[in-house]
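The values are calculated or read from the model by the stated rules, or taken from the named source; none is laboratory data. Since the model is a prediction, treat every value here as computed from it, not as a measurement. Here the Cβ positions follow ideal geometry from the backbone for every residue, glycine too, while neighbour counts run over all protein chains shown.
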């Protein structure tokens, strides 16, 4: 199994780690976190330090996933991982349903209970949180984030770094611009 490094020890980082442990596509090796303290551990795994040491991780891990909820921060760290020549991992929880005709970009995380429908296209670094639904033929641009129980109806588009918090929804064919943050429960119509 490939050795995996997770950047982030917060709620999303722990959720991604649990998905990794359940799925067993990767061997969880360690974490990095910019709030790390010396000798810190998360469960049974070490926190090697802050992201300042990212370049020293080559040779110790085979892939990295950036498990940070903030879209702009996730994008910046994703780009640093690539600049260091490290491979990006995509994590799909075993309780998620992803159509074999959907595409999921590198470095994305699809969490428990999420559904990604046929023809859906997810860019790199996307988060699809627990219970979120991306219906057929939707587009989720890079580093966008669907919160818990957010939903996209067929043919809708979520722009780059856009954020759909809990319960937000896009109606059929609706479009959300890059960097827009919706309100919890907000519905966007075409």
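Here are the numbers for the structure shown:
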quantity: Residues of the range 87-104 satisfying the condition of being closer than 21 Å to residue 14 by Cα, in a loop (DSSP other than H, G, I, E, B) and in contact with a strand residue (DSSP E or B) (Cβ under 7 Å, 6 or more places away or on another chain); calculated: 87, 89, 90, 93, 96
quantity: Per-region count, the range 154-169, residues outside any strand (DSSP E or B) and surrounded by 20 or more Cβ atoms within 10 Å (Cβ to Cβ); calculated: 4
quantity: Filtered residues of the range 109-149 (kept if farther than 21 Å from residue 66 by Cα and in a loop (DSSP other than H, G, I, E, B)); calculated: 117, 118, 119, 120, 135, 136, 137, 138, 149
quantity: Within the range 31-51, tally of residues that are on the phi > 0 side of the Ramachandran plot and surrounded by 14 or more Cβ atoms within 10 Å (Cβ to Cβ); calculated: 1
quantity: Subset of the range 50-75 [free of Cβ contacts under 8 Å to residues at least 24 places away in the same chain, part of a helix (DSSP H, G or I) and within 20 Å of residue 129 (Cα to Cα)]; calculated: 73
quantity: Output for the range 170-188, where each listed residue is surrounded by fewer than 20 Cβ atoms within 10 Å (Cβ to Cβ) and either touching a strand residue (DSSP E or B) at 6+ places or on another chain (Cβ under 7 Å) or not in a loop (DSSP other than H, G, I, E, B) (or both); calculated: 171, 174, 175, 181, 187, 188
quantity: Test: residue in the range 72-90 that is at pLDDT below 95 and over 16 Å from the mean Cα position of the chain (by Cα); calculated: no
quantity: Options 37, 20, 47: the member that is more than 17 Å from residue 84 (Cα to Cα) and in a helix (DSSP H, G or I); calculated: 20
quantity: The range 52-80: number of residues that are within 10 Å of residue 125 (Cβ to Cβ) and buried (at least 17 other Cβ atoms within 10 Å of the Cβ); calculated: 8
quantity: Among (1) within 28 Å of residue 117 (Cβ to Cβ); (2) touching a residue at least 60 places away in the same chain (Cβ under 8 Å); (3) surrounded by 13 or more Cβ atoms within 10 Å (Cβ to Cβ) - the single one residue 88 does not satisfy; calculated: (2)
quantity: Test: residue 8 is buried (at least 18 other Cβ atoms within 10 Å of the Cβ) and either over 20 Å from the mean Cα position of the chain (by Cα) or touching a residue at least 60 places away in the same chain (Cβ under 8 Å) (or both); calculated: yes
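Residues are listed down the side, and each one gets a yes or a no for (1) under 19 Å from residue 106 (Cβ atoms); (2) within 18 Å of the chain's Cα centre (by Cα):
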residue: 134; (1), (2): yes, yes
residue: 149; (1), (2): no, yes
residue: 156; (1), (2): no, no
residue: 175; (1), (2): no, no
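Results for (1) surrounded by fewer than 23 Cβ atoms within 10 Å (Cβ to Cβ); (2) without any contact (Cβ under 8 Å) to a residue 40 or more places away in the chain; (3) under 27 Å from residue 55 (Cβ atoms); (4) assigned by TED's automatic domain parsing to the domain that holds residue 161, shown as yes or no for each residue.
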site	(1), (2), (3), (4)
82	yes, yes, yes, no
94	yes, no, no, yes
100	yes, yes, no, yes
106	yes, yes, yes, yes
112	yes, no, no, yes
125	no, no, yes, yes
129	no, yes, no, yes
